[in-house]
Amino acid sequence: MEIKKAAAAGTMESNDAMIMIEPGDGELEIFVDSVVARQFGKQIERAVMEVLSQYEIEDAHVLVRDKGAVECTLKARCETAILRALKED
Amino acid sequence: MNKRAESLGAAMKKAGIQNGMTISFHHHLRNGDYVMNMVLDEAAKMGIKDLTVQASSVFDVHQPIIEHIRNGVVTGIETNYMGAKVGKAISEGILDRPVRFRSHGGRPDAIEKGRVKIDIAFVAAPCADASGNANGIYGPSACGSLGYACADAKYAKTTIVVTDYLAEYPLSPASIEETDVDYVVVVDKIGDAAGIVSGTTQITRDPVGLKIAETAARVIEHSGYLADGFSFQTGAGGASLAVTKYLKPIMKRKNVSGSFGLGGITGYMVDMLREGYFKKLMDVQCFDLKAVESLKTNPDHIEVSASRYASPGVISACVDHLDAVILGATQIDTDFNVNVHTDSNGYIMGGSGGHSDTAAGAKLSIIVAPLFRARLPIIVDRALCVSTPGNTVDVLVTQRGIAVNPAREALRKRLTDACLPVYDIGELKEMAEKITGKPDDIELGERIAAEVEYRDGSIIDKIRCVK
Amino acid sequence: MRSMLFIPGNNPGMLLNADVHGADAMILDLEDAVSPDQKDAARILVRNAVRALDYQNGKLVIRINPIGTPFFDDDLQAVVPLSPDYIMPTKVDSAEYIKALSEKLDLLEAECGLENGKISIIPLIETAEGIENAFAIAKADKRVKALFLGAEDYSADLHAVRSKQGDEILYARGRILNAARAAAIDAYDTPFTDVNDEEGLEKDASLAREMGFTGKAAISPRHITAINAAFSPSKAEIQYAKEVLEAIEEGKRLGKGAVSLRGKMIDKPVVDRAKRVIEDMLALGLGGDDE
């Protein structure tokens, strides 16, 4: 599906993540900034990828600012951001 | 004789400060301390190099030491605790010689046995007379007990008392006595009162912390150690202090008359003394104004030296009489080894303090910690640093359950019989990882940033630099 | 259930620990604890949390936004597949509200392959009209298993001043309780809102228990221990329960079909109640040798 506009979901509180998504330049770019990057960096990227592919998103910039969110939280924030970004005004 | 020196620099010259010396400091002024920074600045001005700082603790306020390390003024640090700001620089490899960590009990033992030789001890004193009798209970920078300074004053080749509140001779009580003091310097301010002690120490409001504390109190209740004569130590932070909130009604209900409270003392322990839950407080460090006031006025509130508090090398120390101690952890491994030196990324941000001493001395040592902080599980296969060996740790209390050291089978049975949620530590680990996922192992550098000396003098672990 | 703990639906940290505080039920809240522009986020977060965290300690209640708001249908769509023990509709003022909700649940349960009637309803009654219709609400549908009083909105609706002793809600408490008991369902009392007043909480909870409430809701985890204690069986109840279970064991050993205690036959509800009492006792750590 096509990202129509920039959108964000989540917060910068501990245990949460803020995920921002916007239309890309023809491919998927994910940038992860996490307080637990050393321990969970790869798992975070994998979780975000999973949600993006569920919604068949292949062209977007995604920025994950993670404050130690567990996987179910990350995926929820990602899904919310996608749904918001897919909505036409 | 006249011991007064007109300035800090003059006192340092009189003491014969030279390249390569070991100079010592206590940490009773905690994050409000000015004295270590003043001394190092002065030494830098005098062109002194290659100093070893022997400090009972290094706090964030001591960040200027990083610059002195860069400039070669300081080339060694030995301490019992290091705050995160200096710790980060050390973990990044700023110091060639590894930091030597000790415990609050191990340090005075090393000094008294001569394993550590101090050339000049700088004793920050909230109140002193011109002959060097000093205490921590009077003056604008009052901090209470001066317990961590005693061995330094006694065993250093030269002892300089630094005060901002000069009293008439003879000052009493004298935590530090004139017999051990060579020089006295009066400065404008030895510290920032706001950073020395807090007004009141508040119990955590975090519901998970409270849940852990409540469970820990029930562990004590059913451990078999809660009887007349009960003695107790707990820290000032997080869930630790909150344990007293839940222990009080249990002691009341069971009509237990405690004997003493030990350690760093908070207003909460002072209340328990006043209300008769304990007969004495033995105080090596005051955490708040209420504790300072109580030490000053209540004869049952006793100042103890670090050596008497926790040394393994004396005939007996307070920790050897301790029934229960509540301690924290940044990590605990499945063998119950506890890390309080580094964070989960390997950066130094703490130290033993009295952790390993009280764990070894107390009949019941309880670690209180949440199962995970943010996404990081507390229980790991292998602690990044063994600060306190697992064979001295008895119980881990988390918000979802308790684990008992397998070596303490009788204790485990008592707690299980009391219907407390007892699990195998591996089960608790799985419970956490089910929620957080399993963290990847982190990669550390080859270089050694610090060595951890256990209270018996052996090296228990080495802390690597962070890549 | 003695205690029901509110957990804000858009707070990941609190959701992670929702089931550690000893509450008999947790109410994951999509309504007042979530601002209107975050309803979508909370819905997804709650869904993921329930699926991933698999709450074991306690019943699961999900509080949804009122009928007539743009959130009501979306909430139901998201919540029913999770098969919570209870849904808590808000601002319930009539039997028709409950009937409309129950019909939607029939459809959604069928869609999700859930057994019809699997999800129960605890209506939150928090308006003057709702209080007057309490009995009709209680009897509106077999899914309704309890009534729950929300005193904050209710006292505002009355133009009353909300007070700690709660004289202004005495009528509502009595009315809810009577309606619930007349319909043979449970009744839950409004939360005590001063997080720091432990003594006030204990008073408020024991008043509710004495009035006949089944349990009480809480907005702070720190209230759960006191609420559970107030709504737990007394020593005499525990003693009786132990005797019942002992008599049953003795009867089994002797191969007796029917067992009596203190001159009365022990039938199944008595045994079940005794078991519940002992479970509550164990959960609370009561009944030790020295209590």
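For the peptides B:393-405, A:30-42, residues were scored by their other Cβ atoms within 10 Å and the scores averaged per peptide; the highest-first order is B:393-405, A:30-42.
Remark: C:LEU170, C:LEU30, B:LEU241 ranked as C:LEU170, B:LEU241, C:LEU30, counting other beta-carbon atoms within 10 Å and listing the fewest first.
Under 5 Å from the amide H of B:GLU451 lie the amide H atoms of B:VAL99, B:ARG100, B:PHE101, B:ILE463, each residue being 5 or more positions distant or on a separate chain, with H modelled from the backbone and absent for Pro and chain starts. Beyond 20 Å in Cα-Cα separation lie the following of the pairs B:LYS157/B:LYS189; C:LYS216/C:LYS268; B:LYS245/B:LYS290; B:LYS14/B:LYS49; C:LYS91/C:LYS139; B:LYS113/B:LYS154: B:LYS157/B:LYS189; C:LYS216/C:LYS268.
So how do B:GLU451, A:GLU58 line up by other beta-carbon neighbours within 10 Å, fewest first?
Ordered from fewest to most neighbouring Cβ atoms within 10 Å, B:GLU451, A:GLU58 come out as A:GLU58, B:GLU451.
So if we plug the beta-carbon distance of A:MET1 and B:LYS438 into 1/(1 + (r/R0)^6) with R0 = 41 Å, what FRET efficiency do we get, rounded to 0.05? Given R0 = 41 Å and the Cβ-Cβ separation, E is 0.80. Short to long, the 5 Å bins of the Cα pair-distance histogram for chain A hold 3, 17, 30, 26, 15, 7, 1, 0 percent of all pairs.
Note on chain C: semi-axes of the ellipsoid equivalent to its C-alpha gyration tensor, largest first and rounded to whole Å, are 33, 23, 20.
Helix content alone sets the calculated 222 nm mean residue ellipticity of the protein assembly as shown: runs of n ≥ 4 DSSP H residues at -39500 (n - 2.57) each, divided across all residues, give -10500 deg cm²/dmol. Between the C-alpha center of region B:179-229 and that of region B:421-438 there is a gap of 30 Å. Relative to the longest principal axis of the Cα atoms of chain C, helix C:95-111 runs at roughly 90 degrees. Using only alpha-carbon positions in the protein assembly as shown, the gyration tensor eigenvalues give semi-axes of 55, 34, 24 Å once each is multiplied by 5 and square-rooted (largest first). Convex hull volume of the C-alpha atoms in region C:53-159, normalised per residue: 105 Å³. Between A:LEU28 and A:LYS42, residue separation times 0.36 nm minus the direct Cα-Cα distance comes to 3.4 nm. Projected label points at C:GLU243 and C:GLU132, each 7 Å from Cα along the beta carbon direction, are separated by 4.9 nanometres. Axis angle, to the nearest 10 degrees, between helix C:170-182 and the longest C-alpha principal axis of chain C: 60 degrees. Counting Lys +1, Arg +1, Asp -1, Glu -1, what net charge surrounds A:SER34 among other residues with beta carbon under 15 Å of its beta carbon? That sum, taken over residues with Cβ under 15 Å, equals +1. Placing pseudo-labels 7 Å out from each Cα toward the beta carbon at C:LYS142 and B:ASP335 gives an inter-label distance of 6.1 nm.
On the principal axes of its alpha carbon atoms, chain B extends 67, 52, 38 Å, with the longest extent given first. Counting Lys and Arg as +1 and Asp and Glu as -1 over every other residue whose Cβ lies under 13 Å from the Cβ of B:SER231, the net charge comes to 0.
Report the paramagnetic label zone for B:LYS117: residues of region B:131-162 whose backbone N is under 13 Å from a point 7 Å from Cα along the Cα-to-Cβ axis. Answer for region B:131-162: B:156-158. Applying 1/(1 + (r/R0)^6) with R0 = 56 Å to the Cβ-Cβ distance of A:MET12 and C:ASP106 gives a FRET efficiency near 0.85. Measuring between their Cα centroids, region B:315-346 and region C:1-30 lie 32 Å from each other.
A straight chain from C:ASP272 to C:ASN116 at 0.36 nm per residue would run longer than the Cα-Cα distance by 53.6 nm.
Residue by residue along C:7-14, Cβ atoms of other protein chains within 10 Å of the local Cβ number 5 on average.
Across peptide C:18-27, the average count of Cβ atoms from other chains found within 10 Å of a residue's Cβ is 2.
Report the calculated FRET efficiency for B:GLU430 and B:ARG205 (r = Cβ-Cβ distance, R0 = 45 Å), to the nearest 0.05.
The calculated FRET efficiency here is 0.95.
A crude spin-label estimate for the pair C:MET211 and B:GLN18, with each label 7 Å from Cα along the Cβ direction, gives 8.4 nm. Exposure proxy for B:SER257, B:SER57: other Cβ atoms within 10 Å of each Cβ, ordered fewest to most, give B:SER257, B:SER57.
So if each residue of separation counts as 0.36 nm, and I subtract the Cα-Cα distance between B:ASP192 and B:ILE448, what length gain in nm does that give?
88.7 nm
Magnitude of the Cβ-charge dipole of the protein assembly as shown, K/R +1 and D/E -1, about the Cα centre, nearest 20 debye?
Value, rounded to 20: 2060 debye.
3J(HN,Hα) along region B:129-136: 9, 5, 9, x, 4, 9, 8, x Hz, from the Karplus curve 6.51 cos²θ - 1.76 cosθ + 1.60 with θ = phi - 60°, whole Hz, x for Gly and Pro. Under 19 Å of direct C-alpha separation, and excluding same-chain neighbours fewer than eight residues apart, C:LYS275 reaches these lysines: C:LYS59, C:LYS235, C:LYS242, C:LYS252, C:LYS264.
Electrostatic tally near B:ASP50: other residues with Cβ closer than 13 Å to its Cβ, Lys and Arg +1, Asp and Glu -1, net 0.
Across all C-alpha atoms in region B:50-156, the radius of gyration and Dmax reach 14.7, 43 Å. Compute the angle between helix C:198-211 and the longest alpha-carbon principal axis of chain C, please, reported from 0 to 90 degrees and rounded to the nearest 10. Approximately 70 degrees, to the nearest ten. Residue by residue along A:65-71, Cβ atoms of other protein chains within 10 Å of the local Cβ number 6 on average.
We did not get these values from a lab; they are worked out from the coordinates using the rules stated. Computed from a prediction, not measured in an experiment: that's the story for all the values here. In this analysis, Cβ positions are derived from the backbone assuming ideal geometry, glycine residues included, and neighbour counts consider all displayed protein chains.
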